[in-house]
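A.B. asks: The structure that follows is given in the form of structure tokens.
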Amino acid sequence: MTFFEKFTLIFTNAKYLDSMLTGLRMTFAISVGAAALGLVLGTIVALVGLASSKNPLIKLPKFICAVYVTVVRGTPMALQLFIMAFVVFAIRGFPLVVTAIIAFGINSGAYVSENIRGGILSVDIGQTEAGRSLGLTAGMTMWYIVIPQAIKNVIPSIGNELIALIKETSIVSMIGMYDLTAAAKNVGSGQNLANYLAPMTVAALFYLAIVYLLTFIIKKIEGRLRESDRR
Amino acid sequence: MIDVKHLTKAFGKHVVLDDISEHIYPGEKVVVIGPSGSGKSTFLRCLNLLEEPTKGTITFQGQEITDPKADINAIRRQMGMVFQHFNLFPNMTIRKNITLAPVQTKLMKQEEADETATALLKRVDLLDKADSYPAQLSGGQKQRIAIVRALAMRPKVMLFDEPTSALDPEMVGEVLDVMKELADEGMTMVVVTHEMGFAREVGSRILFMAGGHILEQNEPHAFFANPKEERTKEFLSKVL
Ligand SMILES: Nc1ncnc2c1ncn2[C@@H]1O[C@H](COP(=O)(O)OP(=O)(O)O)[C@@H](O)[C@H]1O
Ligand SMILES: [Mg+2]
């Protein structure tokens with residue numbers, strides 16, 4: 001069989017195709033879940049980090065958030081995944097997909113929070129002063145004035161972060177999960193195609209397609225947000 | 001209307017305002033002049049607590065705003081502020097810039113705020129820009145919008161920090177005209193500016209600041225005709 005025949009076989013053989021698509025669905029599920037969790041977590045952590053420390057009640061949350069970002073950014077993703085799978089959620093019957101979503105979401109949240117923090121700080125302080133001088137509360141000023149402008153600044157870097165996240169999910173086979181990368185390995189193994197090049201190529205194309213789609217969506221959102229810059 | 005007592009502001013060890021006491025009466029147009037770095041902006045920004053005084057008290061209409069328990073947002077709603085760099089919200093249309101605060105602070109319903117915006121825009125001759133974004137306006141137009149944005153909150157006093165300093169010379173007049181009109185209507189105003197013509201014509205009192213003090217003050221005619229302090233004379237010789 002030539003490479004092309006093997007490549008075609010992955011799409012025509014129901015068993016192989018099914019295998020790849022099952023893996024693809026898992027990669028997709030982990031990515032979407034972790035991205036959603038990461039965005040929510042990252043936003044909260046960024047806002048807590050930037051909150052005025054005048055109120056003593058905010059001191060502890062600020063400290064926790066700082067520790068969280070430092071620890072997550074300073075340790076390997078694989079180790080974080082193992083800790084979630086073999087320590088925190090080492091519960092019989094606990095769905096691995098949830099474990100993975102939490103592990104990757106927590107990881108992504110730390111990076112997203114740094115992006116959002118930078119984005120908020122990059123908004124001219126005069127914007128906040130104008131909002132506050134009109135009698136808007138700190139929260140209203142943040143929500144209606146600063147965050148919309150910060151989002152515009154951070155969309156590109158958040159996009160990069162999500163792309164990195166999708167590719168990083170490929171390590172979930174290390175805790176025995178069946179994602180796109182694991183599927184390619186399985187289809188290429190001796191009991192199946194007995195050739196790795198073709199399924200790895202298919203997997204690569206799937207990853208590329210997802211990343212391309214995401215890039216496209218981000219460009220669209222960016223374009224929309226730039227509307228107010230028209231002169 | 002605004003009573004300032006022993007106001008001191010330091011940034012770290014750098015004392016920018018040194019024990020200033022001053023009173024601003026209803027209807028007054030107080031013009032603050034002085035060399036760059038003398039603390040004019042800091043003084044103005046302390047009046048609505050954009051800068052927190054290090055020491056001293058500020059009382060607005062009988063309410064001590066430097067009291068930690070004071071509702072600063074409610075107080076700021078009655079004090080409009082106009083900045084050197086306009087600080088319009090670039091992500092909102094001109095109409096939204098004007099209606100955001102009145103609606104969010106529940107001063108007005110959206111409909112009423114829209115009517116107010118329309119009336120204010122007509123007044124500064126910019127109604128045709130209602131649905132534009134700030135980036136599409138000239139500097140003079142932006143500053144006129146910034147003024148009416150503050151006015152939409154129906155403030156009791158307006159604070160201006162060098163409102164024409166960032167403008168091309170040909171646009172200064174249109175902004176000063178709006179301010180003059182406002183002065184004629186009886187608005188209480190505190191204006192930091194380098195426009196001596198405006199100070200002379202519109203001001204009811206000139207404060208000259210230097211080195212964190214109000215070194216000298218007088219009504220405009222006497223101030224410009226007979227400056228007393230050496231530093232005032234020196235400053236005036238440079239700007240007149
Ligand atoms: N946020 C700040 N932090 C530190 N120093 C400041 C700050 N704002 C103003 N200053 C200093 O305070 C002094 C007075 O500033 P300012 O009130 O802006 O003067 P003016 O408006 O008269 O030019 C300057 O020396 C300036 O460097
Ligand atoms: Mg200044």
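The values are calculated or read from the model by the stated rules, or taken from the named source; none is laboratory data. Please read all numbers here as calculations on a predicted model, not as lab measurements. Using ideal geometry, Cβ is built from the backbone for each residue, glycine included, and neighbour counts are taken over all protein chains shown. SASA here: full protein model, heavy atoms, side chains in, ligands and nucleic acids out. Shrake-Rupley method; radii C 1.70, N 1.55, O 1.52, S 1.80 Å.
A.B. asks: Residue-wise, which Karplus ³J(HN,Hα) couplings in Hz belong to region B:19-28, taking 6.51 cos²θ - 1.76 cosθ + 1.60, θ = phi - 60°, and x for glycine or proline?
C.D. replies: Result, ordered by residue: 6, 8, 10, 7, 10, 10, 8, x, x, 6 Hz.
A.B. asks: With θ set to phi - 60° and the Karplus curve 6.51 cos²θ - 1.76 cosθ + 1.60, what are the ³J(HN,Hα) couplings of region B:9-15 in order, to the nearest whole Hz, using x for Gly and Pro?
C.D. replies: Listing the rounded values in order: 9, 10, 9, x, 8, 7, 7 Hz.
A.B. asks: Then there is this: Quick check: Cα centre of region B:6-39 to Cα centre of region A:166-231, how many Å?
C.D. replies: Spelled out, the Cα-based centre of one part sits 61 Å from the other.
A.B. asks: Considering only protein heavy atoms and a 1.4 Å probe, what is the carbon-and-sulfur percentage of the accessible area of the protein assembly as shown? All intermediate terms of the calculation are to be shown ahead of the outcome.
C.D. replies: On the way: 13390 of 22430 Å².
Taking all protein chains in place, the protein assembly as shown shows 60 percent carbon and sulfur surface.
A.B. asks: Under 8 Å for C-alpha pairs, at least 6 residues apart: give me the relative contact order for chain B, rounded to a whole percent. Display every interim value, and only then the final one.
C.D. replies: Details: 420 pairs, mean separation 63.8, N = 240.
Across chain B, relative contact order equals 27 percent.
A.B. asks: Would you grab the residues whose amide H sits under 5 Å from the one on residue B:56? Only those 5+ places off in sequence or on another chain, please, with H modelled 1.01 Å from N.
C.D. replies: For residue B:56, whose amide H was placed from the backbone, the distant partners under 5 Å are B:8.
A.B. asks: If each residue of separation counts as 0.36 nm, what is the full-extension length gain between residue B:138 and residue B:200 once their alpha-carbon separation is subtracted?
C.D. replies: On the way: separation 62, 0.36 × 62 = 22.32 nm, distance 2.71 nm.
Gain in length upon complete extension: 19.6 nm.
A.B. asks: Over all directions, average the projected area of the Cα convex hull of region B:64-204 and note it in nm². Intermediate values should be presented prior to the final figure.
C.D. replies: Details: hull surface 35.9 nm².
Orientation-averaged projected area of the Cα hull: 9.0 nm².
A.B. asks: What distance in nm separates the two pseudo spin-label positions at residue A:52 and residue B:122, each 7 Å out from Cα along the beta-carbon direction?
C.D. replies: Result for the modelled spin labels: 3.9 nm.
A.B. asks: While we're on this one: Do any residues of region B:84-118 show a loss of at least 30 square angstrom of accessible area between the isolated chain and the full protein assembly, using a 1.4 Å probe, and if so which?
C.D. replies: In region B:84-118, residues shielded by partner chains: B:87, B:89, B:90, B:91, B:100, B:101, B:104.
A.B. asks: How much accessible area per residue does region A:49-100 have, in Å², with a 1.4 Å probe? Present the calculation step by step, with values, prior to reporting the outcome.
C.D. replies: Details: 3460 Å² over 52 residues.
Here the residues of region A:49-100 average 67 Å² of exposed surface.
A.B. asks: Loop-only trypsin sites (Lys or Arg not before Pro) in region B:52-95, please: DSSP not H, G, I, E or B, and at most 12 other Cβ atoms within 10 Å.
C.D. replies: Values: sites: B:55, B:69, B:76, B:77, B:95; in loops: B:69, B:77.
Filter output for region B:52-95: B:69.
A.B. asks: Which shape class, rounded, prolate or oblate, goes with region A:68-162 when its Cα gyration tensor gives a ≥ b ≥ c as root eigenvalues, a/c under 1.5 marks rounded, and past that a/b bigger than b/c marks prolate?
C.D. replies: Working: a/c = 3.34, a/b = 2.65, b/c = 1.26.
Taking the square roots of the gyration eigenvalues as a ≥ b ≥ c, region A:68-162 is prolate.
A.B. asks: A further question on this structure: List the residues whose amide H sits under 5 Å from the amide H of residue B:210, counting only those 5 or more places along or on another chain, with H placed 1.01 Å from N in the peptide plane.
C.D. replies: So residue B:210 has HN proximity to B:215.
A.B. asks: Find which of A:46, A:61, A:36 sits farthest along the positive direction of the dipole of region A:1-105, computed with +1 on the beta-carbon of Lys and Arg, -1 on that of Asp and Glu, about the Cα centre.
C.D. replies: Of A:46, A:61, A:36, it is A:61.
A.B. asks: May I ask for the distance between the Cα centers of region A:1-32 and region A:38-105, given as a whole number of Å?
C.D. replies: So the two Cα centres are separated by 33 Å.
A.B. asks: So what is the relative contact order for chain A, in percent, with contacts set as C-alpha pairs under 8 Å and at least six apart?
C.D. replies: Numbers: 245 pairs, mean separation 64.8, N = 231.
Over chain A, the number comes to 28 percent.
A.B. asks: Are there residues in region B:149-178 whose accessible area shrinks by at least 20 Å² when all protein chains are included rather than the chain by itself, and which are they (probe 1.4 Å, ligands and nucleic acids not counted)?
C.D. replies: Listed by number, the residues meeting the 20 Å² cut-off are B:149.
A.B. asks: More than 30 Å apart: what percent of Cα pairs in chain B qualify?
C.D. replies: Values: 7433 of 28680 pairs.
Across chain B, Cα pairs with separations above 30 Å total 26 percent.
A.B. asks: Let's test the formula: R0 of 25 Å, r as the Cβ-Cβ distance of residue A:189 and residue A:4. What FRET efficiency results, to the nearest 0.05? Working shown, then result.
C.D. replies: Details: r = 20 Å, r/R0 = 0.82.
The computed FRET efficiency comes out at 0.75.
A.B. asks: Select from A:27, A:140, A:102 the residue farthest towards the positive end of the dipole of chain A; place +1 on Cβ of Lys and Arg, -1 on Cβ of Asp and Glu, and compute about the Cα centre.
C.D. replies: Towards the positive end, the residue furthest out is A:140.
A.B. asks: Rounded to the nearest Å, what's the spacing between the alpha carbon centres of region B:84-109 and region B:140-186? Just the number, please.
C.D. replies: So the separation of the two Cα centres works out to 16 Å.
A.B. asks: Determine the shape class of chain A: with a ≥ b ≥ c the square roots of the Cα gyration tensor eigenvalues, call it rounded for a/c under 1.5, and otherwise prolate if a/b is greater than b/c, oblate otherwise. Could the numbers behind the result be given before it?
C.D. replies: Working: a/c = 3.74, a/b = 1.80, b/c = 2.07.
Oblate is the answer for chain A, as a/c is 1.5 or above yet b/c matches or exceeds a/b.
A.B. asks: Moving to a separate point now. Applying the Karplus parametrisation 6.51 cos²θ - 1.76 cosθ + 1.60 with θ = phi - 60° to the phi angles of region B:51-61, what ³J(HN,Hα) value in whole Hz is obtained for each residue in order, glycine and proline being reported as x?
C.D. replies: Here the 3J(HN,Hα) series is 10, 8, x, 6, 9, x, 10, 10, 10, 10, 6 Hz.
A.B. asks: I would also like to ask the following. If you add up the charges near residue B:121, with Lys and Arg at +1 and Asp and Glu at -1, over every other residue whose beta carbon is less than 10 angstrom from its beta carbon, what do you get?
C.D. replies: On the way: positive: B:95, B:122, B:123, B:129, B:144; negative: B:125, B:128.
Neighbourhood net charge equals +3.
A.B. asks: Using DSSP to define loop residues, name the GluC sites (Glu not before Pro) in region B:150-240 whose beta-carbon has at most 10 other beta-carbon atoms within 10 Å. Please report the intermediate quantities before stating the final value.
C.D. replies: Details: sites: B:170, B:174, B:181, B:185, B:195, B:201, B:216, B:229, B:230, B:234; in loops: B:185, B:195, B:229.
When the GluC sites (Glu not before Pro) of region B:150-240 are filtered for loop state and at most 10 Cβ neighbours within 10 Å, B:185 remain.
A.B. asks: Can you list the trypsin sites (Lys or Arg not before Pro) in region A:51-135 that are in a DSSP coil and have 10 or fewer other beta carbons within 10 angstrom? Numbers along the way, then the final one.
C.D. replies: On the way: sites: A:54, A:59, A:62, A:73, A:92, A:117, A:132; in loops: A:54, A:92.
Answer by residue number: A:54, A:92.
A.B. asks: Now a separate question. Mind checking how much accessible area A and B bury in total, 1.4 Å probe, in Å² rounded to 100?
C.D. replies: Working: alone 13240 and 11330 Å², together 22430 Å².
Using a 1.4 Å probe on protein heavy atoms, the buried area is about 2100 Å².
A.B. asks: Can you tell me what percent of all Cα-Cα pairs in the protein assembly as shown are more than 41 Å apart?
C.D. replies: Details: 43056 of 110685 pairs.
That fraction is 39 percent.
A.B. asks: FRET efficiency for residue A:36 and residue B:184, Cβ-Cβ distance as r, R0 = 56 Å, nearest 0.05?
C.D. replies: Values: r = 57 Å, r/R0 = 1.01.
Approximately 0.50, to the nearest 0.05.
A.B. asks: Quick one: grab the alpha carbon gyration tensor of region B:20-103, order the square roots of its eigenvalues as a ≥ b ≥ c, and give me rounded if a/c is under 1.5, else prolate or oblate depending on whether a/b is larger than b/c. Please report the intermediate quantities before stating the final value.
C.D. replies: On the way: a/c = 1.90, a/b = 1.34, b/c = 1.42.
Oblate, since a/c reaches 1.5 and b/c is not below a/b.
A.B. asks: If we count every other residue with Cβ under 14 angstrom of residue B:97's Cβ, Lys/Arg +1 and Asp/Glu -1, where does the sum land? Intermediate results must be reported in sequence, preceding the final value.
C.D. replies: Details: positive: B:95, B:96, B:129, B:142, B:144, B:149; negative: B:114, B:131.
Net of charged neighbours comes to +4.
A.B. asks: Just subtract the alpha-carbon distance of residue B:8 and residue B:52 from 0.36 nm times their residue separation and send over the number in nm, one decimal. Please report the intermediate quantities before stating the final value.
C.D. replies: Values: separation 44, 0.36 × 44 = 15.84 nm, distance 0.97 nm.
The residue B:8-residue B:52 span can extend by a further 14.9 nm.
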